[in-house]
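The values are calculated or read from the model by the stated rules, or taken from the named source; none is laboratory data. None of these values were measured; they are calculated from a predicted model. Cβ coordinates were reconstructed from backbone atoms using ideal geometry, including for glycine residues, and neighbour counts include every protein chain displayed.
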Amino acid sequence: MNKLTLITTLVASAAVCLLHSSCREKGEVQHFRTPKADKALQAETPTPASPAAPTSPAAGATNTAPYSWMLPDGWTALPASGMRLATINIPSTPPLSASITEFGGTLAGNVNRWRGQLGLAALPESEVDATLQEIETKLGKGYIVSLFNPATPKKGLLAAIIPRPSGRSVFIKIPGDSAELNKISAEFTAFAKSLTSAAK
Amino acid sequence: MSKPHPVLRPLKPLASAAIFYYATLWLVVLVVVGTLNQKYFGLHYSLEKYFSAWFIQPMDMPIWLPAGRLTMTVILVGLTSKLLVGSKWKAKNIGINITHVGVFLLMIGSVITAYTTTEGHISIREGAESSTFQNSHDVEIAVTDRSDAEYDNTTTFTQGFFHSDQTFSDDAVPLSFKVINFYKNCSPVARGDSDSSAQLKGRAANIKLKELPGDNKDQNMRGVEVEISGLSADQNGTYVFIAHPEWKPAELTADNGKTYEISLRAKHHQLPFSIYLKDFEKLDHAGTSMARAYSSKVKVTQDESTEDIKIYMNHPLRRNNYTLYQASFSQRGIETTVLQVVYNRGQLMPYISVVVIFIGLLVHCILQVPRLIVAAQKRNQPRNIS
């Protein structure tokens, strides 16, 4: 490349950059008019994975779950990620993993959704209630859900649902082999009962 | 080669092939470095730093190296100069020149894409309708007046206002804002007693924002510290907002007695049409709950016309330079579809330029055939040995 070419290139580039850098992104004002009925739908429609929910932080702590619990021996908790408040690893063969989340939806709606995922028929609301084991947790009344399809015994579900005053519910869900889930059922119930609001 | 027009003569040095070679080599370096950087700081952060910017400062040193935009501009200027003053417009070069025009069109398309593309997503429940989509990489301050019985009126101020020397407002709301700090990724941390001040209001009294590097999974939490004035009594001051669904908006009362809900949220864009989700369908692999296929049956309404369309894999909805892809779904409670939205005015340019490049190469190939035949015949002629 000869000198003239190099100099011309540098001068032209500098001119373009100076021109562009003197222009910064301009702000824009927009106005939206939304029917009130839409807002209720928008509030509950999901968005692609958001960062873990920000909560009142302890000094220096970030992204901690708003609940605390007593872990059974050998169980370990991983911090919040994505939509999960926490992930609990449970030693078993094969290893099991519980997710702790908080969402809306009705009790029967969620149970029937899980039933559908396991290939089980949906039940009327009154019959759903009869399949649940009511427990008393430190957050209030909760329910243990134990589902398995005899046709696919390796795909079972053990879950706890704890309704909250906000209208949402805390879900603790473990998918896995039905036989393994039966073995940890008592520890899982004790774990669900220990859930309480995180210390402020 | 004929001499270029006097007006175009200054472009001659820029038509050098050396510019193209060195710039392309630098582009390869940027691609390698940017790709490695993406592993640690996420795709969006790397795109902004290495490819959408004009300069990069390696390790924040006071050295400015050309980033993607400047490098591509140099290549485009070089190619344009080559076309205008460096190309021989003779019959035997027509194929090469057409190919160069195709590459030029490709680069023009990339400029259009760089400056007009908007991406986001739209979530719609079964039986619901929506005409806005959200871009989670950009945020806006939203001020909502819920006093009307039937409608919520929201005024939004986009990121372009987030400069510490700029106060902004709008006639629709009696408040003024000035963003003190804007964080592309941050985390709320407890504010120590030494940091506190009467100027800090609401959550800002107890919480400050700590800047974080880009998240390697693009899970960035944007936040602002903003001064708000025009509020009643002693509510004027500095507030903290984070763009996250769990961070509740602040309800503040203006001097005129009206209450407004203020939040930082993903930037909303209005579509020129509305979409009503009639039915979402998910098919599972036999015996599992793993999705095999899922699709959305929608009704698209624009002006007075409506159209029933099915959106599924490899069959996006294309309309008014918008493309809506079936991206995800939710089956918590009422089924919900999540559509990826891309607006790109330059979406046809790559197709046009590839066709032009193909034509140029084909023409060049055809024009070379007689020469090749003559050259082959000469090689095959026996030599006269004297």
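Here are the numbers for the structure shown:
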item	result
Residues of the range B:45-68 classified as buried (at least 18 other Cβ atoms within 10 Å of the Cβ) and not in a loop (DSSP other than H, G, I, E, B), total	8
Residues of the range B:3-37 classified as touching a residue at least 40 places away in the same chain (Cβ under 8 Å) and under 30 Å from B:PRO213 (Cα atoms), total	5
First in the range B:275-287 and on the phi < 0 side of the Ramachandran plot and hydroxyl-bearing (Ser, Thr, Tyr), second anywhere and surrounded by fewer than 15 Cβ atoms within 10 Å (Cβ to Cβ) and in a strand (DSSP E or B), Cβ under 7 Å, 6 or more apart	B:TYR276/B:LYS299
When residues of the range B:130-142 are limited to those that are over 18 Å from the mean Cα position of the chain (by Cα) and more than 8 Å from chain A (Cβ to nearest Cβ), the one nearest to B:THR306 (Cα to Cα)	B:SER131
Residues located in the range A:89-106, provided they are of a type outside the set (Gly, Ala, Ser) and more than 11 Å from every other protein chain (Cβ to nearest Cβ)	A:ASN89, A:ILE90, A:PRO91, A:THR93, A:PRO94, A:PRO95, A:LEU96, A:ILE100
So B:ASP145, is it surrounded by fewer than 21 Cβ atoms within 10 Å (Cβ to Cβ), free of Cβ contacts under 8 Å to residues at least 60 places away in the same chain, charged (D, E, K, R) and within 11 Å of another protein chain (Cβ to nearest Cβ)	no
Residue in the range B:291-311 that is of a type in the set (A, V, I, L, M), under 29 Å from B:ALA142 (Cα atoms), assigned to a strand (DSSP E or B) and within 14 Å of chain A (Cβ to nearest Cβ) present	no
Out of B:PHE280, B:PHE273, sole residue that is more than 23 Å from A:GLN30 (Cα to Cα), surrounded by 13 or more Cβ atoms within 10 Å (Cβ to Cβ) and modelled with pLDDT of 85 or more	B:PHE280
Residue check, B:TYR115 at the interface with chain A (Cβ under 10 Å from one of its Cβ atoms), surrounded by fewer than 19 Cβ atoms within 10 Å (Cβ to Cβ) and among the hydroxyl-bearing types (Ser, Thr, Tyr)	no
Those strands (runs of 3 or more DSSP E) lying entirely in the range B:313-363 with at least 2 residues small (Gly, Ala, Ser), in contact with a strand residue (DSSP E or B) (Cβ under 9 Å, 6 or more places away or on another chain) and within 30 Å of A:LEU107 (Cβ to Cβ)	B:322-330
Per-region count, the range A:24-41, residues at pLDDT 50 or above and either more than 7 Å from chain B (Cβ to nearest Cβ) or within 27 Å of B:GLN166 (Cα to Cα) (or both)	12
Elements of type strands (runs of 3 or more DSSP E) contained in the range A:107-200, each with 1 or more residues being touching a Phe, Trp or Tyr at 6+ places or on another chain (Cβ under 9 Å) and within 14 Å of chain B (Cβ to nearest Cβ)	A:140-149, A:152-163, A:169-176
Some residue of the range B:85-105 being under 18 Å from the mean Cα position of the chain (by Cα), surrounded by 18 or more Cβ atoms within 10 Å (Cβ to Cβ), farther than 24 Å from B:VAL354 by Cβ and more than 10 Å from every other protein chain (Cβ to nearest Cβ)	no
Test set (1) without any contact (Cβ under 8 Å) to a residue 40 or more places away in the chain; (2) within 17 Å of A:ALA77 (Cα to Cα) - A:PRO150 fails condition number	(2)
